[in-house]
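Here you go, one structure.
The values are calculated or read from the model by the stated rules, or taken from the named source; none is laboratory data. Note that the structure is a prediction, hence the values are computed from the model and not measured. Don't worry about glycine lacking a Cβ; one is built from the backbone with ideal geometry, like all the others, and counts go over all protein chains shown.
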Amino acid sequence: MERRSIGIVMNGVTGRMGYRQHLLRSILGIRERGGLRLADGTVLWPEPVLVGRSEAKLRELAERHGLTEWTTDLAEALARPGTEIYFDAQVTSARVDAIRAAVAAGKHVYTEKPTAEGLADALALARLAEEAGVKHGVVQDKLFLPGLLKLKRLVDGGFFGRILSVRGEFGYWVFEGDWQEAQRPSWNYRDEDGGGIILDMFCHWRYVLEGIVAPLRSVQVLGATHIPERFDEDGKPYQATADDAAYGIFELDGGIVAQINSSWTTRVFRDELVEFQVDGTEGSAVAGLRRCRVQHRSMTPKPVWNPDLPATEDFRSQWQEVPDNADFDNGFKTQWEMFLRHVAEDAPFPWDFYAGARGVQLAELALRAWREGRRLEVPELSR
């Protein structure tokens, strides 16, 4: 059995997502399973080169997992022979320059979203990669969540009839960092560093809504910075200049209305950290990260509004669980395998830099809609 090594420069792996999802569960997960078998029988073996700003953190991470290749010098990593892919999980504000350097070095690029802080830069990166002839892809992880895969199965199977509306709830309480350590890095709450929940999450909502339900046609948003002061990783107070919550309404093709609340300042009273309810003429579904439950038209009860009496119905028990009917792997790992196949054997990979630019476009329009206090059309993006 032939084994082929492929070097991957992984920038930002000392961060939460870069480490847990991309290095540990994806690249090292592929290695733990013996590599990725390609269509011709060759086994693709990923060789990560860890890149970051802290020499101490990189050394500790490499030693923990028996890795030997790491550096704080991105240019040196990109110049190493055998490295074919550049991956970026850094802070958003550093992403454009790093990707430009990777493309100039002739590397294929796979990156976290958003690809840039603004649409002009996102489109420029897409055109740069196209002109250079390198393959390019953007992480769209929520499409691979078990709950949303089940929801997509229901849509494709016509379960809903005519879809009427979508309601999404995402978020949790992120501690301010004074009396309890914050679960997210402080740059997330500084606009000047590319922070903000709109730029972060609306890129997700674009591909979730369009990949599962229907294309977007308009957006209106009310954003907020509910907590104006937070504490950084050293315990020092700082002013939060980015939005920490956003309340959005979207119009989709066919007159479908979607409402999505995104918040890092809410306490969770739902089964999962993100849930989407889809209502249609023939049935409804509620999907989260892993679970998906349905209520068909034929099984819909007839509630009666009576505020003078206590509720006697257990509404949750009136829904049925959608079965797995498949083995679901880690979504990040699944998409990594698809991108590796895209590079190694030219297999299809639809989530390119233009898909990433569509997410940035929606975030940019949402921020503008908030500032101007009005509904904005979402125009088609030209490649």
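Just need a number here: residues in region 135-148 that are buried (at least 21 other Cβ atoms within 10 Å of the Cβ), over 14 Å from the mean Cα position of the chain (by Cα) and in the same structural domain as Met17 (by TED's automatic domain parsing).
So the answer is 1.
Each row is one residue, and each column tells you yes or no for (1) assigned to a loop (DSSP other than H, G, I, E, B); (2) assigned by TED's automatic domain parsing to the domain that holds Gln277; (3) in contact with a strand residue (DSSP E or B) (Cβ under 8 Å, 6 or more places away or on another chain); (4) surrounded by fewer than 20 Cβ atoms within 10 Å (Cβ to Cβ).
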site: Lys152; (1), (2), (3), (4): no, yes, no, yes
site: Phe160; (1), (2), (3), (4): yes, yes, yes, no
site: Ser165; (1), (2), (3), (4): no, yes, yes, yes
site: Ala182; (1), (2), (3), (4): yes, yes, yes, yes
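Quick test of your reading of the structure: Arg190 fulfils all but one of (1) under 19 Å from Trp370 (Cα atoms); (2) under 18 Å from the mean Cα position of the chain (by Cα). Name the failing condition by number.
Tallying (1) under 19 Å from Trp370 (Cα atoms); (2) under 18 Å from the mean Cα position of the chain (by Cα), Arg190 fails exactly one: (2).
Here is a list of conditions, (1) aromatic (Phe, Trp, Tyr); (2) closer than 21 Å to Lys150 by Cβ; (3) modelled with pLDDT under 95, and Trp305 meets all of them except one; can you say which number that is?
Here Trp305 meets the rest and fails (2).
Within the set of pairs 6+ apart or on separate chains, which have a first residue in region 1-23 that is in the same structural domain as Thr42 (by TED's automatic domain parsing) and under 22 Å from Ala101 (Cα atoms), a second that is among the hydroxyl-bearing types (Ser, Thr, Tyr) and assigned to a helix (DSSP H, G or I), and C-beta atoms under 6 Å apart?
That search, which allows pairs on different chains as well, returns Val13/Tyr19.
What's the total number of residues in region 362-375 that are within 17 Å of the chain's Cα centre (by Cα) and surrounded by fewer than 23 Cβ atoms within 10 Å (Cβ to Cβ)?
Number satisfying all stated conditions: 1.
Regarding Thr334, is this residue among the β-branched types (Val, Ile, Thr) and either assigned to a loop (DSSP other than H, G, I, E, B) or over 27 Å from Leu28 (Cα atoms) (or both)?
Numbers: among the β-branched types (Val, Ile, Thr): yes; either assigned to a loop (DSSP other than H, G, I, E, B) or over 27 Å from Leu28 (Cα atoms) (or both): no.
Against the criterion (among the β-branched types (Val, Ile, Thr) and either assigned to a loop (DSSP other than H, G, I, E, B) or over 27 Å from Leu28 (Cα atoms) (or both)), Thr334 does not qualify.
Can you run down the residue pairs with Cβ atoms below 8 Å, 6 or more apart or on separate chains, where the first is in region 49-76 and more than 22 Å from Ala105 (Cβ to Cβ) and assigned by TED's automatic domain parsing to the domain that holds Arg16 and the partner is part of a helix (DSSP H, G or I) and aliphatic (A, V, I, L, M)?
Pairs found: Leu61/Leu23; His65/Leu23; His65/Leu24; His65/Leu28.
Please give the number of the condition Gln90 fails out of (1) farther than 23 Å from Gln335 by Cα; (2) surrounded by 20 or more Cβ atoms within 10 Å (Cβ to Cβ); (3) in contact with a strand residue (DSSP E or B) (Cβ under 7 Å, 6 or more places away or on another chain).
Tallying (1) farther than 23 Å from Gln335 by Cα; (2) surrounded by 20 or more Cβ atoms within 10 Å (Cβ to Cβ); (3) in contact with a strand residue (DSSP E or B) (Cβ under 7 Å, 6 or more places away or on another chain), Gln90 fails exactly one: (1).
Would you confirm whether any residue within region 301-323 is surrounded by 14 or more Cβ atoms within 10 Å (Cβ to Cβ), touching a residue at least 60 places away in the same chain (Cβ under 8 Å) and either assigned by TED's automatic domain parsing to the domain that holds Gly161 or assigned to a helix (DSSP H, G or I) (or both)?
yes
Go through Thr281, Thr265 for me and flag whichever is more than 30 Å from Leu38 (Cα to Cα), surrounded by 16 or more Cβ atoms within 10 Å (Cβ to Cβ) and in contact (Cβ under 8 Å) with a residue 60 or more places away in the chain.
So the residue among Thr281, Thr265 that is more than 30 Å from Leu38 (Cα to Cα), surrounded by 16 or more Cβ atoms within 10 Å (Cβ to Cβ) and in contact (Cβ under 8 Å) with a residue 60 or more places away in the chain is Thr265.
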